[in-house]
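Engineer: My structure is below; once you've seen it, I'll send some questions.
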Amino acid sequence: MRAILIKSLNSGVTNTNISIALLVLRVVGGAFMLTHGLGKFEAFFSGEPIQFRDPIGVGASASLALAVFAEVLCAILLIIGLSTRLAAIPLAITMLVAAFIVHANDGFGRQELPLLYAAIYISIALIGAGKYSLDNWISKK
């Protein structure tokens, strides 16, 4: 019984487990963000006048372009694991702007999700893509 308990407490951390966890974080974090970005992408290219918040003072069009860049292009790069660390940075910044500027007065309930996304993207930026990524495939060539 003691051996079973000790074995169940073993962290079992392996490079494969870490790479699988990074794959899950990349794909889920990227795909979920992509769902937010596609609506912004459509709005940006619709030809309609752009009505978008300007949280950092660069203008509505530039703010929307930056959000589309992060939430669409960087999300796709994250999913496929290409330039992963660099792609995670604009995503993290976008989520920190959402949490601390856009939702600054809305309370933690509205800040919680962008902060969770930011934590995922910061972790990926620090750790990298893992072995199940185009980054890894390219580096082996």
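Engineer: Determine whether the stretch 77-84 contains at least one residue that is at pLDDT below 95 and closer than 30 Å to residue 136 by Cβ.
Structural biologist: Step one: of the stretch 77-84, the residues at pLDDT below 95 are none.
No; the residues of the stretch 77-84 include none that is at pLDDT below 95 and closer than 30 Å to residue 136 by Cβ.
Engineer: Here is a list: 47, 29. Which entry is of a type in the set (Gly, Ala, Ser), more than 17 Å from residue 102 (Cα to Cα) and modelled with pLDDT of 95 or more?
Structural biologist: Numbers: 47 fails: modelled with pLDDT of 95 or more.
Just one listed residue meets the conditions, 29.
Engineer: Still on this structure, I have one more. Could you tell me how many of the residues in the stretch 90-105 are among the β-branched types (Val, Ile, Thr) and surrounded by 20 or more Cβ atoms within 10 Å (Cβ to Cβ)? Talk me through it step by step, then tell me what you get.
Structural biologist: First, pick out the residues of the stretch 90-105 that are among the β-branched types (Val, Ile, Thr): 93-94, 97, 101-102.
Now narrow it down to the ones that are surrounded by 20 or more Cβ atoms within 10 Å (Cβ to Cβ): 94, 97.
Residues meeting the conditions: 2.
Engineer: How many residues does the stretch 73-89 hold that are surrounded by 20 or more Cβ atoms within 10 Å (Cβ to Cβ) and either in contact with a strand residue (DSSP E or B) (Cβ under 7 Å, 6 or more places away or on another chain) or at negative phi (or both)? Break it down stepwise before answering.
Structural biologist: If we filter the stretch 73-89 for residues that are surrounded by 20 or more Cβ atoms within 10 Å (Cβ to Cβ), which is where we start, we get 74-75, 77-79, 81, 84, 87-88.
So of that shortlist, the ones also either in contact with a strand residue (DSSP E or B) (Cβ under 7 Å, 6 or more places away or on another chain) or at negative phi (or both) come out as 74-75, 77-79, 84, 87-88.
Looking only at that region, the number is 8.
Engineer: Oh, and also: Tally time: how many residues in the stretch 46-72 are surrounded by 14 or more Cβ atoms within 10 Å (Cβ to Cβ) and either in contact (Cβ under 8 Å) with a residue 12 or more places away in the chain or of a type in the set (Lys, Arg) (or both)? Step through it out loud before you land on a result.
Structural biologist: Initially, the stretch 46-72 is screened for residues surrounded by 14 or more Cβ atoms within 10 Å (Cβ to Cβ), giving 50, 52, 55, 62-72.
Pick out the ones that are also either in contact (Cβ under 8 Å) with a residue 12 or more places away in the chain or of a type in the set (Lys, Arg) (or both) and you get 50, 52, 55, 64-72.
Residues flagged as surrounded by 14 or more Cβ atoms within 10 Å (Cβ to Cβ) and either in contact (Cβ under 8 Å) with a residue 12 or more places away in the chain or of a type in the set (Lys, Arg) (or both) within the stretch 46-72 amount to 12.
Engineer: Next question, about the same structure. For the structure I just gave you, tell me whether residue 18 is free of Cβ contacts under 8 Å to residues at least 60 places away in the same chain and of a type in the set (Val, Ile, Thr). Steps first, please.
Structural biologist: Values: free of Cβ contacts under 8 Å to residues at least 60 places away in the same chain: no; of a type in the set (Val, Ile, Thr): yes.
So residue 18 does not fit the description; no.
Engineer: Continuing with this model, one more query. Residues in the stretch 100-118 that are under 20 Å from residue 23 (Cα atoms) and either assigned to a loop (DSSP other than H, G, I, E, B) or touching a residue at least 60 places away in the same chain (Cβ under 8 Å) (or both): how many?
Structural biologist: So the answer is 1.
Engineer: If you scan the stretch 100-141, which residues turn out to be acidic (Asp, Glu) and at pLDDT below 95? It would help to see each step written out before you state the result.
Structural biologist: The initial filter retains those residues of the stretch 100-141 that are acidic (Asp, Glu), namely 106, 112, 135.
Within the stretch 100-141, 106 is the sole residue that qualifies.
Engineer: Which members of the stretch 119-133 meet the condition of being touching a helix residue (DSSP H, G or I) at 6+ places or on another chain (Cβ under 6 Å) and either among the hydrophobic types (A, V, I, L, M, F, W, C) or outside any loop (DSSP other than H, G, I, E, B) (or both)?
Structural biologist: The answer is 120, 121, 122, 124, 125, 129.
Engineer: While we're here: Looking at this structure, is residue 58 at pLDDT 95 or above, part of a helix (DSSP H, G or I) and of a type in the set (Val, Ile, Thr)? Walk me through it before giving the result.
Structural biologist: Numbers: at pLDDT 95 or above: yes; part of a helix (DSSP H, G or I): no; of a type in the set (Val, Ile, Thr): yes.
So residue 58 fails the test.
The values are calculated or read from the model by the stated rules, or taken from the named source; none is laboratory data. These numbers come from a predicted model, not from an experiment. Counting neighbours? That spans all protein chains shown, and the Cβs are built from the backbone with ideal geometry, glycine included.
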